[in-house]
Amino acid sequence: ARAGEGAALATVVEGQLAAMSALVDAAEACPARRPEAVRARLAAAVAALTEAGAGALDLDRLHQEAMLLAAKADIREEIDRLRAHVDAARDLLAAGGAIGRRLDFLAQEFGREANTLCAKAGDVSLSRIGLDLKAVVEQYREQVQNIE
């Protein structure tokens with residue numbers, strides 16, 4: 001009975017890993033990540049500042065702020081980590097044995113990366129992907145707590 005329950009649980013967890021993987025792919029392909037989209041958002045922000053009568057803009061300071069914004073908007077690291085965590089979870093499932101604690105640890109890592117992705121999302125579409133990812137991560141966390 002335990003073996004049957006474990007096999008069913010492994011199927012559920014694998015489905016959640018597949019869903020996470022698909023969401024990571026969607027985040028990577030999100031049009032809001034393209035340089036021209038980031039540039040357009042930055043241009044709109046600068047236009048809003050100049051229209052608001054902010055006075056003379058310090059171009060060096062503006063350049064620094066733009067670079068900080070661009071660095072903050074880069075989610076490449078989070079995407080790479082999420083993919084690595086999906087691969088690690090799949091390896092653990094394939095290995096079998098007492099893997100519950102390690103899968104639970106990966107749930108924490110998934111959650112951390114999903115939160116960072118949401119925090120860096122400068123666009124509604126990327127935020128939605130991040131929120132969907134957080135929901136799947138929470139479902140994954142609930143399931144792996146049933147694994148020894």
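The values are calculated or read from the model by the stated rules, or taken from the named source; none is laboratory data. As the structure is a computational prediction, the values presented were derived from the model and not from experiment. Cβ coordinates were reconstructed from backbone atoms using ideal geometry, including for glycine residues, and neighbour counts include every protein chain displayed. Please note that ligands, DNA and RNA were not included when accessible areas were found on the heavy atoms of the full protein model with its side chains. Shrake-Rupley method; radii C 1.70, N 1.55, O 1.52, S 1.80 Å.
Among the residues of the stretch 56-83, those identified as over 11 Å from V24 (Cα atoms) and aliphatic (A, V, I, L, M) are A56, L57, L59, L62, A66, M67, L68, L69, A70, A71, A73. Whenever a residue of the stretch 90-111 is without any contact (Cβ under 8 Å) to a residue 40 or more places away in the chain, its partners that are open to solvent by less than 50 Å² (accessible area, probe 1.4 Å) and among the aliphatic types (A, V, I, L, M), lying with C-beta atoms within less than 7 angstrom and at least six residues away or across chains, give the pairs L92/I99; L92/L103; R102/L92; L106/A88; L106/A89; A107/V137; A107/V144; G111/V137.
Here A56 clears all of (1) at pLDDT 75 or above; (2) part of a loop (DSSP other than H, G, I, E, B) except the condition numbered (1). Of the residues contained in the stretch 113-121, one or more are found to be outside any helix (DSSP H, G or I), surrounded by 14 or more Cβ atoms within 10 Å (Cβ to Cβ) and out of contact with any Leu (no Cβ under 7 Å at 6 or more places or on another chain). Quick check on the stretch 71-85. Is at least one of its residues modelled with pLDDT under 95, out of contact with any helix residue (DSSP H, G or I) (no Cβ under 9 Å at 6 or more places or on another chain) and open to solvent by 10 Å² or more (accessible area, probe 1.4 Å)? Checked the stretch 71-85: at least one residue is modelled with pLDDT under 95, out of contact with any helix residue (DSSP H, G or I) (no Cβ under 9 Å at 6 or more places or on another chain) and open to solvent by 10 Å² or more (accessible area, probe 1.4 Å). Candidates are the residues of the stretch 1-48 that are more than 30 Å from A71 (Cβ to Cβ) and in contact (Cβ under 8 Å) with a residue 24 or more places away in the chain; the one that is least open to solvent (accessible area, probe 1.4 Å) is V13. If the condition is being touching a Ser or Thr at 6+ places or on another chain (Cβ under 7 Å) and in contact (Cβ under 8 Å) with a residue 40 or more places away in the chain, then the stretch 116-142 contributes only A121. Considering each residue of the stretch 59-78 in turn, none proves to be within 9 Å of the chain's Cα centre (by Cα) and over 20 Å from R34 (Cβ atoms). The single residue among G97, G130 that is under 15 Å from L23 (Cβ atoms) and open to solvent by less than 80 Å² (accessible area, probe 1.4 Å) turns out to be G130.
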